[in-house]
Every structure is written in structure tokens, then in C-alpha cells.
1. Would you mind stating whether M149 is surrounded by 13 or more Cβ atoms within 10 Å (Cβ to Cβ) and within 30 Å of I127 (Cα to Cα)?
2. Taking the residues in the range 215-248 that are of a type in the set (G, A, S) and more than 11 Å from G187 (Cα to Cα) as candidates, determine which candidate is farthest from the chain's Cα centre (by Cα).
3. Among the residues of the range 25-38, which ones are surrounded by fewer than 16 Cβ atoms within 10 Å (Cβ to Cβ) and over 19 Å from R82 (Cα atoms)?
4. Being acidic (D, E) and exposed (fewer than 14 other Cβ atoms within 10 Å of the Cβ) is the filter; apply it to the range 223-269 and report the residue that is farthest from the ligand (Cβ to nearest atom).
5. How many of the residues in the range 117-165 are in contact with a Ser or Thr (Cβ under 7 Å, 6 or more places away or on another chain), in contact (Cβ under 8 Å) with a residue 60 or more places away in the chain and not aliphatic (A, V, I, L, M)?
6. Tally up the residues in the range 160-209 that are within 16 Å of the ligand (Cβ to nearest atom) and not polar (S, T, N, Q), please.
7. For the range 65-85, state whether one or more residues are within 25 Å of V124 (Cβ to Cβ) and among the small types (G, A, S).
8. So if I check each of A223, A259, which one is modelled with pLDDT of 95 or more, outside the structural domain of P145 (by TED's automatic domain parsing) and of a type in the set (A, V, I, L, M, F, W, C)?
Amino acid sequence: MEEFDKVGVVGLGTMGAGIAEVFARAGFQVWGVEVDGSAMERGRDHVRRSLSKAVDKGKLGSEERSGILDRLAFTTDREDLRDADFVVEAVPERMDFKRDVFTDLDSICPPGTILATNTSSLSVTEIAALTGRPDKVVGLHFFNPAPVMKLTEVVSTISSSQTTVDIATEVAKRIGKTPVAVTDRAGFAANALLVPFINDAISVYERRIASREEIDTAVTKDADLPMGPLTLADLVGVDVCLAVMDVLWEEFRTPRYAAAPLLRRMVAAGRLGRKTGRGFYDYSGAPEPAEE
Ligand code: 3HC
């Protein structure tokens with residue numbers, strides 16, 4: 001693999017900040033890009049807090065932390081990626097946002113730069129077609145929390161070149177992840193299995209078969225998973241779960257992929273999980289209202 005000097009991460013929300021941290025920990029020079037100063041500061045704080053937690057737990061030396069922070073630069077100017085070798089986009093899951101980022105990156109970055117998207121619910125092929133280099137666009141799908149989860153899906157499209165896919169796979173290995181090769185179909189592999197499972201759990205909850213705690217306990221104890229499906233929905237984002245269900249439905253039109261009505265209502269009500277302070281569970285510290 002050719003040597004990369006500079007990696008860009010566009011979008012520093014939960015996923016983007018985690019991805020930037022993962023690359024910097026692996027020794028890459030990383031530029032994190034956000035749309036404005038306050039979003040950029042939130043991203044920087046997210047990485048700092050995560051590294052400090054690791055230091056407090058004795059998992060990371062304070063010198064090592066300084067080295068990682070030295071390898072991380074933050075900016076609101078995408079032009080700073082004009083000499084980036086590899087860029088990962090992690091902005092919210094809206095095609096208009098992706099279009100804005102990818103058309104910009106395509107004009108800013110050198111022709112050889114590989115542009116990767118962390119999308120979980122949009123078509124990588126469609127994103128690649130926004131650029132003049134669809135052969136150099138690939139999906140690099142991380143899992144939440146990105147610094148912890150080993151799996152990374154490398155999503156190839158009918159337009160991506162084998163060299164691009166090989167480099168992205170090698171990059172995933174270099175940052176300590178376990179890459180899995182998948183093609184660009186709704187949900188790829190992991191979410192096509194995982195999110196309908198979360199959706200089924202929401203249906204069980206909605207039909208009052210069991211309380212949310214009982215559902216989560218049943219699954220964690222039965223399948224020895226670290227988290228129950230409703231807790232997991234809150235972690236990944238209730239809106240992200242709905243977006244994945246909707247693309248699965250759009251693509252395959254089978255009842256198995258019909259979103260649970262409650263999932264849609266939760267999103268309409270803004271109960272998106274941890275990021276809004278409330279999803280299936282409450283994270284705001286406020287007293288829990290009676291379940292409707
Ligand atoms: N950032 C960095 N590190 C974190 C972290 C975060 N956000 N959250 C937890 N960690 C670290 C902790 O520091 C700890 O590290 P240590 O072992 O070195 O001390 C380790 O992870 C374990 O954390 P905790 O002891 O605090 O808590 P748990 O043991 O309960 O683990 C968990 C938390 C790692 C989130 C675990 O519950 C888990 O693996 N849950 C399942 C997550 C999952 O399935 N994610 C995939 C979702 S699907 C997805 O993202 C795809 C999308 O497209 C929908």
C-alpha cells in the first residue's frame with residue numbers, strides 16, 4: 001500500500017470524532033473538518049474526553065495521548081484537505097449533505113485521493129456518482145462506538161476499482177479494524193441483519209409483550225450480547241434505525257423490512273436516543289414519564 005501522510009475526516013459527530021481518534025491512534029496525521037467553529041469544538045472535545053478516559057483507566061499513557069493529539073488538527077475549511085491522501089466522510093445521513101461534501105472534496109482533493117463514506121443507509125454508488133472519480137469512492141462503514149467496535153465494512157460498488165477497495169481494506173487493517181467485504185445493497189451485511197432485529201424488538205415492546213427492560217434483559221442474557229436491542233437503538237440513534245429500515249424496505253419490499261409504527265413515531269417525536277437525551281430510555285436525568 002502506498003504511504004499515506006494525511007487523512008481527512010469530514011463531520012465530527014459521534015461517529016466522525018470516533019473515526020478521527022481511531023486514525024490518529026494508529027499513527028496517521030488527521031484533519032477533522034466541521035461546518036462551523038462550535039461543531040468543530042464539540043468534535044475536538046469528544047476526542048479529548050475519550051482519550052482522557054483512556055488515560056484515567058490506565059489504557060493510554062499521557063505522552064501517548066499528547067502524540068495522538070499532536071497528530072490531530074481541526075478546521076472548518078475543507079480546502080485544508082487539498083493534499084489529503086484518504087478522506088472519510090461522516091456527516092449526517094442526508095443525500096443533500098453528502099452531495100455538498102463530495103462535490104467539494106472532488107474539486108479540492110488531488111485526483112488520486114480516495115474518498116470514503118461512512119454512510120449506513122445511503123447508496124455508496126449514488127454518492128460515488130456525485131464525483132468525477134467514482135472508481136476512487138468506497139464505503140468504509142464503522143460501528144458505534146467507533147474506537148471500540150472492531151468491525152468495519154468495506155463497501156464496493158459497480159464503479160469502484162479493485163485497487164481502491166484493496167487500499168481501503170488495508171487502511172481498515174492498519175487502524176486495527178477487522179474489514180469485511182460487502183457490496184452496495186441496502187443495509188450492506190451487518191445492518192441488514194442487525195436493524196430488523198432491533199425493529200422486531202420494538203414491535204414486541206409496542207405489542208406490550210414485555211417491558212423494554214425485560215426485552216433487553218432477555219436478549220442480553222439469552223444471546224450473551226453486551227446490550228439489548230432497545231438500548232442499542234438508543235446508542236446508534238433511533239433515526240438511524242428508521243433510515244436503515246426504510247432503505248431496506250425501498251430496496252426489497254418485503255414485510256420483514258417494514259418499520260415498526262412505534263419506530264416511526266419515536267423519530268417524529270424527536271426521541272432519537274442518547275444524542276437527544278431520550279429514546280427508549282431517558283438519559284436526561286429527568287423523572288421518567290409514564291409509558292404511553
Ligand atoms: N468511545 C470510546 N471508548 C468507549 C466508548 C466510546 N464511546 N464506549 C465505551 N468505550 C470503551 C470503554 O472505555 C471501555 O474500555 P476498556 O475496556 O478499555 O476500559 C470499553 O469500551 C467497555 O466500556 P464500558 O465498560 O463503559 O461499558 P460496556 O462494557 O458496557 O461496553 C459498549 C460498552 C462497548 C458500548 C458495549 O456495550 C457494546 O459493545 N455494545 C454493543 C455496541 C454495538 O453493537 N454497536 C454496533 C451498533 S450498529 C452500528 O453502529 C451501525 C450503524 O450503521 C447503525
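The values are calculated or read from the model by the stated rules, or taken from the named source; none is laboratory data. Keep in mind the model is a prediction, meaning the values are calculated, not measured. Don't worry about glycine lacking a Cβ; one is built from the backbone with ideal geometry, like all the others, and counts go over all protein chains shown.
1. Working: surrounded by 13 or more Cβ atoms within 10 Å (Cβ to Cβ): yes; within 30 Å of I127 (Cα to Cα): yes.
When the stated conditions are applied, M149 passes them.
2. At the first step, the residues of the range 215-248 found to be of a type in the set (G, A, S) are 218, 223, 228, 233, 237, 243.
From what's left, more than 11 Å from G187 (Cα to Cα): 218, 223, 228, 233, 237.
Values: A218: 27, A223: 24, G228: 19, A233: 14, G237: 10 Å.
So the residue we want is A218.
3. G27, G37, S38
4. In the first step, residues of the range 223-269 are kept if they are acidic (D, E); the result is 224, 234, 239, 246, 250-251.
Subsequent filtering for residues that are exposed (fewer than 14 other Cβ atoms within 10 Å of the Cβ) retains 224, 250.
Numbers: D224: 12, E250: 17 Å.
Top of the filtered list is E250.
5. The qualifying residues number 3.
6. Residues in the range 160-209 being within 16 Å of the ligand (Cβ to nearest atom) and not polar (S, T, N, Q): 24 in total.
7. Within the range 65-85, one or more residues are within 25 Å of V124 (Cβ to Cβ) and among the small types (G, A, S).
8. Details: A223 fails: modelled with pLDDT of 95 or more.
Only one candidate qualifies: A259.
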